[in-house]
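Coordinate-derived values only; no laboratory data. The structure presented is a predicted model; accordingly, all values stated were derived computationally and were not measured. Reconstructed Cβ throughout: ideal geometry from the backbone, glycine too, with neighbour counts over all protein chains shown.
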Amino acid sequence: MEIMKLNNISSPGKLLRTMLAALLFAVITGNVYSQFGQNKVQYKVFDWKYLQTQHFDIYFTQEGNFIAQFTAVAAESSLVSLENNIGYGIKNRIPIIVFNSHNEFQQNNAVDEYLSEGIGGVTELFKNRIVVPFEGDYEKFRHVIHHELLHAYMNDMYYGGSLQNIISQNISLQFPLWFSEGMAEYQSIGGMDKANDMFMRDAVVYDYLPELDYIGGYLSYRGGQSFFSWLADEYGKEKIGDLMIQIKALGDVDEGFVDVYNMGTGKLSEKWHKHLKQTYWPDINTRQELSDFANRLTNAREGDGFYNTAPAISPKGDKVVFISNRDGYFSVYIADIKSKKILKKLIGGNQTADFEELHLLTPGLCWSPNGKKIAISVKSGDKDAIYIIDAEDGDEDQLPIEHDGIFSVDWNPVNNSLVYRGDNAKQSDIWIYNLKTKKKQRVTNDLFTDIDPRWSRDGKSIYFSSDRGPYTDLKDIPADFDMNTYDYKDKDLYVYDVEAGTLKRFTEDKHANESTVVTSPDGKKVLYVSDRNGIDNIWMRNLETGEEKPITNSLDPINLLSLSADGKRLAFSSLNKGGYDIFYLENPFEIDIAMKELPNTLFVQKRIDEMNKLTAVDSLKLFTDSMRVIADSLQNLTGDTTGENTNYALTDSTTTDTTKSLYGDDISLNLNPEKVDSLKESPSQRLKLKEKNKSKFQLTDNTNPDGSYKVNNYKIKFSPDLIYSNANYSSFYGVQGTAQMAFSDVLGNHRIYVATSLVLDLKNSDYAFAYYYLPKRIDWGVSAYHSARFLNIGRNFATSQLYRYRTFGADISMSYPISKFKRIDAAISYNHLSKENLDNPLEPTQRLDFVLPAVSYVFDNTLWGYTAPIKGSRYNITLMGTPKIGSNGVSFFSAIGDYRTYFELAEDYNFVLRLNGGASFGKNPQRFYIGGTESWINYEIQNDILPIEEIQDFAFSSAVMPLRGYNYNHRSGSKFALMNAEFRFPLFRYLILGLLPLGFQNIQGVLFADAGSVWSDTKKLQFFHEKNGSLQTKDLLLSAGIGTRLFFLYFPMKLDIAWTYDMQNWSKPKYLISIGADF
C-alpha cells in the first residue's frame, strides 16, 4: 500500500507546492493538534536499533532482531528479483522500519495516517520509507516486503526517491492504482496465485469486473495482478520490464503500453477480458454455485453489508454469531437461522477502545458449550484481548492474557478451556487457557506459522494449520535451520494430543493449503477446507478408514467452518458476487456428491502440466537460477561488491531523480518529454551497464563473523522532508519571498518545521519555528513565531485607517491520547501584540502581553464517507483564559463546547446535527461574532466593519459559523449558541459539461437549517418578540437553504443558497461560494 495518495492530479508538483506553502505556516503557528480527529497512540516506548545491508537500512525494536535479520535477506532477495525482471538499479538506499506486531505497527510515526487492520504495510513519499509489521506468518511477511519494495523501487526509478523531487522537478507522471498495486502483487507473488484466481473467477462469472481504466479500490490489487500475469503469459515476461523502462523514457503510462505492445490499455483491456471469460465461464458448467447446494443467511447485495464473516453456529444449531459491516462499522451480530433475522447486535466494533478492531482477516468467534456465552479475540486499546460476552445481556469479561497478537479462539466442548493462536515477536504458536485456573499452557513453541486451532469433539485433541512440513517434534529441527531458505508457502493440518503431548501431521498435500477442521459428534469424521483443486472446498475424512472425499464442488471459495453440536448444521463464509456472505449446510456428514476428486481449475492444471513437462535439464536450470538469485541476494547483504554489476540504469541520468511515487486512486507521472528524446530507441539500446553509487551501497564492517548483521543503536539524524522557497523583487514592495522547510528523523519521532514569508523587511514578515517530540504517549511541541497583519479599521471606508498588528509568540503544547477515540490537548502560550497606525504615525502604538493556557477534551468515533463523517459522534470541550499581566493587561475565562452527531439514513443519505456554544467571563471577555460560513470566497461583512475594536480583539475574537444567509459579524457578544442541521444526499454521480471539457463526479446535495444567537447580557436575551401582533425573532437568527458539494481544481467547493427567516418573512437569497469540507 502506498501512502499519501493524490487522485486524478495532472500536476502534483504544482499542487503540492501550493498546498504545502499554505498549510505549513498554519501548522507551526497554530496548535498541531486538530479540533477533532482520531488518535494514534504510542502505548509502548520503543528501543530502536538498526542494521545495514548493501541497499537497505533496517530499523527494528526490542525483541525484533530475528525479524530484522529475516527482513534483510528477504529484501535483498526481492531487490535482485526486481532488478532482474525490470532492469533498473536503484540509486538510493531504502529505509525499512519493522515492527513486531500489527499493534506496534499502528503506533509508528513514519506515516501519520492510522493504519487499520487489513493494511499489511505501507511505503511513504517523504523519505521513501517502507513500514511493515510481522504478523506471525513468514510467507505473508515475505510477500508484504516484496510488495512494498516494488513501490519503493518505482519511487526511486520514476521519482528519485523523495517527495522533494516531485516539487523541485515539477514531475507529473501518474500511475493508476491498478498499475502500481497490481504490479506490486504480480512481482511479489510471481504471477497469479490461487487466492487471486478465486477472486477473479467470482468477478468474471458474476460480471462486476470493469474495464481496466475504471478499476478502483480492492479490485485494483486483484485485477492488476491478473492483468500483468496475463500480459506476461501472452507476450512474455521480459516485456514487463521493457514496459517499465519505456514508461520512464516516455513519461506516460499509456504511451509506454503502445510502444511495447503496439496498443493502448483500452485494447489490451478488451483482450484481457476476453481471456478471463474463456478461462472462467466454463467453470459454470463444471462447478456449483453456492445457491445450488447451500442456504444463504446474509446477502451482501441486499443491504446486509458487503463483508459478513467469522460465523460461529450455536451448539443447538439455531443461531449464528458473526461479524458484519452492515451498520458501517464492523460489529458482531447474532442471527436466527430459521427466520434469517438479526436477533441483536452484540458488540459495536470500531467505536470504543475495548473493541477497537475485530481481527477480520483472522477472526476468532465461538460459543460456550451451553450456548450462553461467546468468546472473541479483538484489538483492545494497547493490546489484543479475549473477551467473554454474555449472549443475552451483553456483559463483558476480559481475560488476563497478553500476547503481541491473539487470534482464532475456540471453546473446548467438554471442559472449561479455550485454545487460541498467540503471536510473540518472531513466531505464532498455539496456546490453551484454562478458564477455571486462569492459567495458560503453550502447545507449540517454534518459528513455524501455526494458525486456526480447533478442538476435537471430545476435547482431547487440537487441530490446526501450519507450514511446519515434517517437523512435528522440536528435536527434529536441525540446529542450522534457516527460515530464509525454508519453503513455508504451503500449510497442512496437524493434530495435537493434549494428554500425550504429541503432534502428528494430518494432511500432506503438496502445493495445497488446508484449514478449519470440525469433527463429527461421534469423533469418527472430520470436515476441513482444502484448495487442492484451486478453489477452497469442504472435504471429509473418515478417521477410521482414512478415506477422503469432497462434499462440495463450489464455484466460489468456502472458508471458516463452524459445526453445531449435533453435527447437523455447518455454517461457513464465502466470497460471492463481490461480497462476503454467511451460508450453511444441512446434515453435512451425509452429503455425497459422487466425486472422489474435484476437477482442477485451469490455473492449477496449467501449473501441474508445466511441472510435468520439466525435464531433468529444466529442473537443474530452475534450481541453478534459484541459487543464482539467492547468491546475488547474499552478496548484496554483505555489501562486499566491487566493480561493475548486473544492474541497469537509464542512459539519461537527469531523468532518474525526478519523482516520487503517487500510488493511489489513479496516480500519474509525467517526465518532461524533451529530456528523454534520446531514449526512444529499443529497450536494449536504452539500457547500459552502470556501476552503482559506491558511497551509498559499498559497506564495510556491517556483518558479524557468523554472517549475521551487526546491530547498531539508533541515533537521531534529521533529513529534509520538504524544502521549498521562491523569491522576487517588486519595485513597490522590494524583496519578497517565501520558504517552507520540514525536517524529521527517519522514524518520524522528531520533527522540525521552519516557515518564512518575507515582505519588505522583518517587521512586515512572517516567520516561525516549531519542534515536535512524538516517540512517547504524550506528544509535545514547542514553537516560536512572528506575524504581521494589515487591517483597515474604522466605522466606514472613508474614515478607516490602516493598522499593522504584530505578534511575537511562543508556546508549549501537549496531547495525551487516552485511546484511539479520546484525548486531552493542552497548550500554554506567551504573546506580545502591538497595534500601529500606519496612516497616522502620531497615534501611540498599543501593546499587549498575555499568557494563554488552554485545555481541551476531544472525543471522535466517527466513520468517514467521501468528504465528511457519515456515522458516529464527535465533540470538543475547551477551557481557556488569561490572567491580567501589567496595567494594560486583559483577563478572561472562556468555556466552549462543540458536539456533532451523524446518522446514516441509507447508503449515501445522511442527517447531521451540530450543537455549538460558549461563554466568556471576566473583565475583558472574548468576543464572538456570528454569521457567514468558513472560507467564504464572495464574503460580505456587516456594515463593512471588522469585529475588532480593541487590541485584544485581534488576538481573541472568534467566529461563530456557519450561519448561512447572514454576513460576517452580523452580531457579536461574549456568549453564543449555534445549531446546524443538514440532510446530505447524492445529487449527481457524474456530470459532464457540454460546452467545456469538464467533468465532475460524486456531486452531493445538501438541505440545511441554521439557528444561532450571540449576546453579552443573558438577562436581556430575548429570542422572540411581538411585532404588529405577530411573533417575530429578535435575538434568534434563523436561516435555511440548499447547496452542492463538489471537487473543483483539486479543492472541495461548497455552493450554497441561503434565506434568512424571522418567523414572518423569508429574505432574498444569498449566494455563498466557499472552500473546504463539511463539518
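Under conditions of 20 °C and 1.002 mPa s, region 293-370 yields 166 µm² s⁻¹ as its translational diffusion coefficient, taking Rh as the Kirkwood radius over Cα pairs in the Stokes-Einstein equation. Please arrange Leu791, Leu993 by counting, for each residue, the other beta carbons lying within 10 Å of its beta carbon, fewest first. Placing the least packed residue first, the sequence is Leu993, Leu791.
Take 351-364, 569-582 and order them by the average number of nearby Cβ atoms within 10 Å per residue, most first; the result is 569-582, 351-364.
Using alpha-carbon pairs under 8 Å, 6+ residues apart, how would you state the relative contact order of the chain in percent? The partial results should precede the final answer.
Working: 2657 pairs, mean separation 120.5, N = 1079.
So the answer I get is 11 percent.
The Kirkwood hydrodynamic radius of region 741-784, based on inverse pair distances between different Cα atoms, is 11.7 Å.
Please identify the DSSP H helices in the chain that span no less than 24 Å along the helix axis (Cα) and have a mean Kyte-Doolittle hydropathy of -0.5 or more. Those that pass (Cα extent of 24 Å or more, hydropathy at least -0.5) are 12-29, 65-86, 218-235, 616-638. Residue exposure proxy: Tyr875, Tyr329, Tyr50, ordered by other Cβ atoms within 10 angstrom of their Cβ from fewest to most, comes out as Tyr875, Tyr329, Tyr50. Under 5 Å from the amide H of Met1063 lie the amide H atoms of Thr1033, each residue being 5 or more positions distant or on a separate chain, with H modelled from the backbone and absent for Pro and chain starts. Here Leu838, Leu852, Leu268 are placed in order of increasing Cβ neighbour count within 10 Å, fewest first, which gives Leu838, Leu852, Leu268. Pairs spanning more than 27 Å between alpha-carbon atoms, out of Lys344/Lys871; Lys91/Lys606; Lys237/Lys426; Lys40/Lys489; Lys383/Lys475; Lys140/Lys510: Lys91/Lys606; Lys237/Lys426; Lys40/Lys489; Lys383/Lys475.
Shown is the FRET efficiency for Phe893 and His511, computed with R0 = 51 Å from the Cβ-Cβ distance and rounded to the nearest 0.05: 0.10. Residues whose amide H lies under 5 Å from that of Asp304, counting only those 5 or more places away or on a different chain, are Asn299; hydrogens are built 1.01 Å from N in the peptide plane.
With N as its number of residues, the chain has a Cα radius of gyration that, divided by 2.2 N^0.38 Å, comes to 1.03. Between Tyr206 and Leu760, the FRET efficiency from the beta-carbon distance, with R0 = 60 Å, is close to 0.35. Once C-alpha pairs closer than 8 Å and six or more residues apart are averaged by separation and normalised to the residue number of region 782-901, the relative contact order reads 17 percent. Evaluated over the Cα positions of region 732-860, the convex hull gives a direction-averaged projected area, one quarter of its surface, of 11.3 nm².
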